[in-house]
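Everything on this sheet refers to the single structure shown next.
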Amino acid sequence: MNFYELLLFVLPAYIANAVPVVLGGGAKLDFNKNFIDGKRWLGDGKTIRGFASGILAGVITGLVLSLIAGNLFLPDLSFEQKIIVSFLLGLGAMLGDSFGSFMKRRFSIKPGESIFLLDQLSFVIFALALSSLYYVRLASEINSDLILFLLGFTYVVHLSANQFAHRIKLKKVPW
Ligand code: CTP
Ligand code: MG
């Protein structure tokens, strides 16, 4: 896998992570419940609709990629397998995003405030980990250089995307 193929591979996770900002809202993912430390499990920034819309966005992204770029997006997999991997990328992104919130609440960091690296990277790390359980060839297709490049790239894209979302008034804070 070269860097472009890796970017195409993680695109469902990127889209999954972005869509809840627009489609999220309503009932909270943690049902407003507190953890044993008396602080919220996840907080008001994580909603059920946001979580579900992220997974769906991942699947739709994978579907579109399979249809328009099937020989670049996971060329060795069948259509059905591509969709399963896309689902796992979306689910992994949402789990990673929620894990980031969980850790932030433990350190008393409010929704909207940021923890360096955790906030920007947990979604992509979880997405890679979960999808590799099914797409086991991933481990032999990538190496540490590719992963480091992806993490650096994701960090920069995440910050730029959030700044843009702030500028068009989708997000209250520019990170
Ligand atoms: N969002 C959502 N459901 C999710 C994830 C995100 O509804 N599962 C929406 C929320 O409106 C949230 C916004 O997307 O405020 C931005 O997401 P994010 O930056 O991940 O959340 P924060 O508000 O910063 O909260 P936290 O500190 O818990 O990450
Ligand atoms: Mg945030």
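What follows is calculated from the coordinates using simple rules that are stated; it is not laboratory data. Since we're looking at a predicted model, the values are computed, not measured. Here the Cβ is made from the backbone with ideal geometry for all residues, glycine too, and neighbour counts use every protein chain on show.
Numbers below:
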{"item": "Candidates per chymotrypsin sites (Phe, Trp or Tyr not before Pro) in the stretch 22-86, loop by DSSP, up to 16 other Cβ within 10 Å", "result": "Phe31, Phe35"}
{"item": "Sites matching chymotrypsin sites (Phe, Trp or Tyr not before Pro) across the stretch 88-143 that sit in DSSP coil, with at most 16 neighbouring C-beta atoms within 10 Å", "result": "Phe107, Phe116"}
{"item": "Length-normalised contact order for the chain - Cα pairs under 8 Å, 6+ apart - percent", "result": "24 percent"}
{"item": "Sequence-distant residues sharing a close amide H with Phe35 (under 5 Å, placed H)", "result": "Arg40, Trp41"}
{"item": "Thr47 long-range amide H proximity, modeled H, under 5 Å", "result": "Gly25, Leu29"}
{"item": "The chain, helix-only ellipticity at 222 nm - DSSP H runs n ≥ 4, -39,500 (n - 2.57), divided by all residues, nearest 500", "result": "-22500 deg cm²/dmol"}
{"item": "Nonlocal Lys pairs with alpha-carbon distance under 20 Å, the chain (8 or more apart, or different chains)", "result": "21"}
{"item": "Span per principal axis, largest first, for the Cα atoms of the stretch 3-167 (Å)", "result": "49, 34, 31"}
{"item": "The stretch 43-85 - Debye-derived log10 I(q)/I(0), Cα point model, q = 0.17, 0.20, 0.34 Å⁻¹", "result": "-0.51, -0.61, -1.13"}
{"item": "Cα-centre dipole for the stretch 3-167 with unit charges at Cβ (Lys and Arg positive, Asp and Glu negative), debye to 20", "result": "700 debye"}
